[in-house]
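Novice: Got a structure for you, written out below as structure tokens; questions coming shortly.
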Amino acid sequence: MKKLRLVVFAFVALAQISVPAAMIWQRQRTLREGRVWKLRTAPVDPVDALRGRYLTLRFAAEDFARSEPMPIAPKAYVTLRNEADGFAVVDQISADRIGGDNVVQVERFGFFDNKAHVYFNFDEFWVTEANALAAEKAYANYSTRENQDTYVTVRIRDGDAAIEELYIAGQPLREFLRTQPAP
């Protein structure tokens, strides 16, 4: 009986460790092997005291023109394409799973007045607590309607997407914060 309990305990412990380990491994694989895409960010209210130390991002590519209604499904698949300026925009959306290094799964999307909106699942960029305040101020200053000089690079592999880096004024966030005076 004691051996059975020990085996059950070992199995449960292994399951609890393997699930987060598999999630971390998948995200790291996406960041290592995924195709890089650049997405312009859009203005957003950066203040959220309950969520902790990360920047909430919104992307200009999430809004796009569409003449036919959106698919009715619990999730959809968005295909990206690069514009002439090197930034990604939504090319098409489908309820059917599509493969490729330009496809992102979305779970929230809407359609109104020939305009579609999707919510990318990668909308948070984590920063260290020491840099959080300066990062929020910099992002707020450089992602206004008048001054849109922020973007992210995102890696995509088999529908999984991960933010690689946030750029402000053409510099990676860490570099930008290092060269700016302290707030």
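What follows is calculated from the coordinates using simple rules that are stated; it is not laboratory data. Only a predicted model underlies this, so the values are computations on that prediction, with no experimental measurement involved.
Novice: Could you let me know the centre-to-centre spacing of segment 5-22 and segment 115-183, using Cα atoms, in angstrom?
Specialist: First find each Cα centre; the distance between them is then 36 Å.
Novice: Can you compute the helix-only [θ] at 222 nm over the chain? Use -39500 (n - 2.57) per DSSP H run of at least 4 residues, normalise by all residues, nearest 500 deg cm²/dmol.
Specialist: Calculated from helices alone, the mean residue ellipticity at 222 nm is -10000 deg cm²/dmol.
Novice: Pick from A130, A13, A61 the residue whose mean-square fluctuation is largest in a GNM of the chain, springs joining Cα atoms under 10 Å.
Specialist: A13
Novice: If you wrap a convex hull around the Cα atoms of segment 1-145, how much volume per residue is inside, in Å³?
Specialist: 200 Å³
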